[in-house]
There are 2 protein chains.
Amino acid sequence: MSRIIVDPFDVVPKYYQLADIIRQKVERGEWSPSQPIPSERQLETLYNVSRTTIRQALAMLIRQGLLYHEQGKGTFVSPQKLQKGILELTSFSEDMRSRGLVPGQVILDLSTVEPPAKVAQHLELKPDVQRVLRIERIRLGDGKPIGLQVSYLALGESQTITREELENRGSLYALIQEKFHIIPSAADETLEVTVAGPREASLLQVAEGSPLLLSERTLWSQARRAIEFVSILYRGDRYRYYIRLTR
Amino acid sequence: MSRIIVDPFDVVPKYYQLADIIRQKVERGEWSPSQPIPSERQLETLYNVSRTTIRQALAMLIRQGLLYHEQGKGTFVSPQKLQKGILELTSFSEDMRSRGLVPGQVILDLSTVEPPAKVAQHLELKPDVQRVLRIERIRLGDGKPIGLQVSYLALGESQTITREELENRGSLYALIQEKFHIIPSAADETLEVTVAGPREASLLQVAEGSPLLLSERTLWSQARRAIEFVSILYRGDRYRYYIRLTR
DNA sequence: CAGTGGTCTAGACCACCGG
DNA sequence: CGGTGGTCTAGACCACTGT
């Protein structure tokens with residue numbers, strides 16, 4: 001068995017390398033749920049890093065739900081059920097994949113528009129100053145309609161996205177991260193119940209008046225600038241929203 | 001103006017005291033949104049604590065959304081909009097209060113029962129071994145019905161809750177924390193759309209077939225034991241679910 | 001360049017838990 | 001009692017930012 005160690009010359013921080021090592025130990029079953037992992041002082045000598053660094057790695061894994069502390073006893077691996085589905089800012093694509101469905105899309109619109117008042121407000125745009133990118137898509141899971149998504153993006157003057165790029169990548173967030181180095185870091189989301197109007201009914205292939213789940217989300221960059229306002233109308237019979245809350 | 005300092009003899013950890021001080025500075029407007037707060041080295045001398053302790057306090061406030069770092073520039077106060085509504089495991093009562101409504105309840109049932117199969121599964125109970133506490137309540141906001149809540153609690157043999165206790169406190173989580181020292185620390189929650197049957201319609205005072213928002217939640221203790229499985233049927237016209245996501 | 005946060009070290013003392 | 005995590009110190013070097 002190959003010894004896995006922390007490389008002090010790697011550009012990746014030690015606490016991050018260490019967290020990866022521990023995650024692998026758990027995934028391979030070397031350290032089991034409800035069992036204690038080695039103590040922080042043991043980990044110090046095992047990986048030749050200071051306790052502060054150890055604790056930084058553990059804090060990360062605890063926040064992600066993989067481990068938990070018990071005072072005076074040790075650090076333990078979480079039960080299987082609690083290891084997965086960590087709170088994430090999931091894109092629709094990631095969301096579908098995590099449910100075992102193949103994500104897909106039909107792009108209905110991709111254009112630059114003047115933002116509606118509600119959108120301008122959520123994106124905190126100055127009136128009549130800025131135009132935004134509007135993307136409307138039918139979202140598919142295993143080829144069947146799941147939701148109707150309308151996204152408004154507040155990009156810079158010279159920044160834009162083409163239909164081809166969006167079709168090739170599928171995931172909008174992957175695209176803006178790669179192209180513009182914008183990393184989503186927080187979001188406000190509301191969920192409520194509504195019913196299908198004629199247009200939604202036809203696009204989602206449900207009867208008019210069918211119950212739908214409406215999600216509205218404002219997305220923020222690391223520097224706390226509003227990037228996107230997106231609404232998704234989910235078919236009530238094909239979608240269940242899932243979230244992991246941690247304190 | 002009174003000088004606020006960190007008391008090294010307090011039982012409250014310094015980083016926690018410091019976080020409170022900083023939170024107050026922001027709330028009082030001494031430090032403003034989008035403005036940098038003093039640098040970590042300045043805070044060291046200001047409050048006479050080490051930089052590690054400073055960073056521990058800042059990390060807490062950043063996780064809560066009050067502050068954010070910008071590399072090479074400083075630490076900043078988040079815009080107002082991002083300061084409130086921090087991700088929490090809110091109880092219904094806390095939830096209502098944060099919306100400016102007075103929480104209320106009508107207790108329909110409080111009894112010890114054999115758990116239904118679905119509940120036993122979510123609470124990970126051994127078959128036929130354990131009885132659980134069932135609480136059914138109509139939940140009110142400003143006196144009007146908002147939701148129908150059914151809660152199943154997996155308590156110890158000698159642990160129980162009386163109607164009086166529940167009526168007096170209102171908040172179940174406050175009660176179990178105080179009485180049994182059980183602190184909720186994580187939850188899995190799903191949200192989906194459904195329609196009112198005859199019983200729900202009558203209790204929530206809506207027409208049969210009205211769209212409802214169904215929340216189902218499993219709550220976990222610090223030691224990763226399942227404590228509660230709770231479902232809430234919200235009136236679609238009176239409730240909007242809100243969540244803050246952070247990475 | 002000087003100032004910022006990002007990472008890391010090698011210690012220390014404490015409260016809590018089990019035998 | 002010895003072992004655990006919880007807190008805290010006083011340093012250090014780094015990469016990134018602005019001027």
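The values are calculated or read from the model by the stated rules, or taken from the named source; none is laboratory data. Being a predicted model, the structure only gives us computed values, none of them experimental. So basically every Cβ, Gly included, is an ideal-geometry build from the backbone, and we count neighbours across all protein chains shown. For accessibility, only protein heavy atoms count, side chains too; no ligands or nucleic acids. Shrake-Rupley method; radii C 1.70, N 1.55, O 1.52, S 1.80 Å.
What are the pairs with Cβ atoms under 8 angstrom where one residue, in segment B:65-85, is within 16 Å of DNA strand D (Cβ to nearest atom) and the other, located anywhere, is part of a loop (DSSP other than H, G, I, E, B) and at pLDDT 90 or above? Sequence gap at least six, or different chains.
Partner pairs satisfying both residue conditions: B:G74/B:I37; B:G74/B:S39; B:T75/B:I37; B:T75/B:S39; B:F76/B:I37.
Could you list, in sequence order, the residues of segment A:52-72 that are more than 19 Å from B:W220 (Cα to Cα) and either more than 16 Å from DNA strand C (Cβ to nearest atom) or open to solvent by 80 Å² or more (accessible area, probe 1.4 Å) (or both)?
The answer is A:T52, A:R55, A:Q56, A:G72.
Hey, any hits in segment B:77-87 for a residue that's within 14 Å of DNA strand C (Cβ to nearest atom) and at pLDDT 90 or above?
So far as segment B:77-87 goes, yes, one or more of its residues are within 14 Å of DNA strand C (Cβ to nearest atom) and at pLDDT 90 or above.
List pairs: first residue in segment B:3-20 and within 14 Å of another protein chain (Cβ to nearest Cβ) and closer than 22 Å to B:L66 by Cβ, second residue within 14 Å of DNA strand C (Cβ to nearest atom) and at pLDDT 75 or above anywhere in the structure, Cβ distance under 6 angstrom, at least six positions apart or on different chains.
B:Y15/B:T53; B:Y15/B:Q56; B:Y15/B:A57
For segment B:25-42, which positions are assigned to a helix (DSSP H, G or I) and either near DNA strand C (Cβ under 7 Å from one of its atoms) or without any contact (Cβ under 8 Å) to a residue 12 or more places away in the chain (or both)?
Passing the criteria: B:E27, B:E40, B:R41, B:Q42.
Give me a count of the residues in segment B:147-188 that are under 15 Å from B:W220 (Cα atoms), in a strand (DSSP E or B) and within 14 Å of another protein chain (Cβ to nearest Cβ).
5
Looking at segment B:183-205, I want the residues that are closer than 18 Å to B:V230 by Cβ and have a partner that is in a strand (DSSP E or B) and small (G, A, S) with Cβ atoms under 7 Å, at least 6 apart or on another chain. Which pairs are those?
Listed by first residue and then by second, the contacts come to B:I183/B:S221; B:P184/B:S221; B:S185/B:S221; B:E189/B:S215; B:L191/B:S215.
What's the total number of residues in segment A:30-49 that are open to solvent by less than 60 Å² (accessible area, probe 1.4 Å), within 9 Å of DNA strand D (Cβ to nearest atom) and polar (S, T, N, Q)? Let's see the steps before the verdict.
Step one: list which residues in segment A:30-49 are open to solvent by less than 60 Å² (accessible area, probe 1.4 Å), which gives A:31-33, A:37-40, A:43-44, A:47, A:49.
Those still in the list that are within 9 Å of DNA strand D (Cβ to nearest atom) too: A:37-40, A:43.
Still in the list and also polar (S, T, N, Q): A:39.
Total meeting the criteria: 1.
Looking at segment B:196-216 only, could you name the residues that are within 11 Å of chain A (Cβ to nearest Cβ), within 18 Å of B:R139 (Cα to Cα) and of a type outside the set (S, T, N, Q)?
Answer for segment B:196-216, where residues must be within 11 Å of chain A (Cβ to nearest Cβ), within 18 Å of B:R139 (Cα to Cα) and of a type outside the set (S, T, N, Q): B:A196, B:P211, B:L212, B:L213, B:L214, B:E216.
Which condition from (1) surrounded by fewer than 20 Cβ atoms within 10 Å (Cβ to Cβ); (2) in contact with a Leu (Cβ under 6 Å, 6 or more places away or on another chain) is the one that A:L153 breaks?
Answer for A:L153: the failing condition is (1).
So, in segment A:231-247, how many residues would count as being more than 7 Å from every other protein chain (Cβ to nearest Cβ) and of a type outside the set (D, E)? Spell out how you get there, then give the answer.
Quick first cut of segment A:231-247, residues more than 7 Å from every other protein chain (Cβ to nearest Cβ) only: A:231-235, A:237-239.
Next, from what is left, pick out any that are of a type outside the set (D, E): A:231-235, A:238-239.
Qualifying residue count, segment A:231-247: 7.
Among the residues that make up segment A:222-235, is at least one of them at pLDDT 90 or above and charged (D, E, K, R)? Talk me through it step by step, then tell me what you get.
The initial filter retains those residues of segment A:222-235 that are at pLDDT 90 or above, namely A:228-235.
This time we only want the ones that are charged (D, E, K, R), so: A:228, A:235.
For segment A:222-235, residues at pLDDT 90 or above and charged (D, E, K, R): present.
Which strands (runs of 3 or more DSSP E) does segment B:189-247 wholly contain that include 2 or more residues that are open to solvent by less than 40 Å² (accessible area, probe 1.4 Å) and more than 30 Å from A:S78 (Cα to Cα)? Give the steps one after another, and end with the answer.
Values: elements: B:211-221, B:226-235, B:241-246.
Answer list for segment B:189-247: B:211-221, B:226-235.
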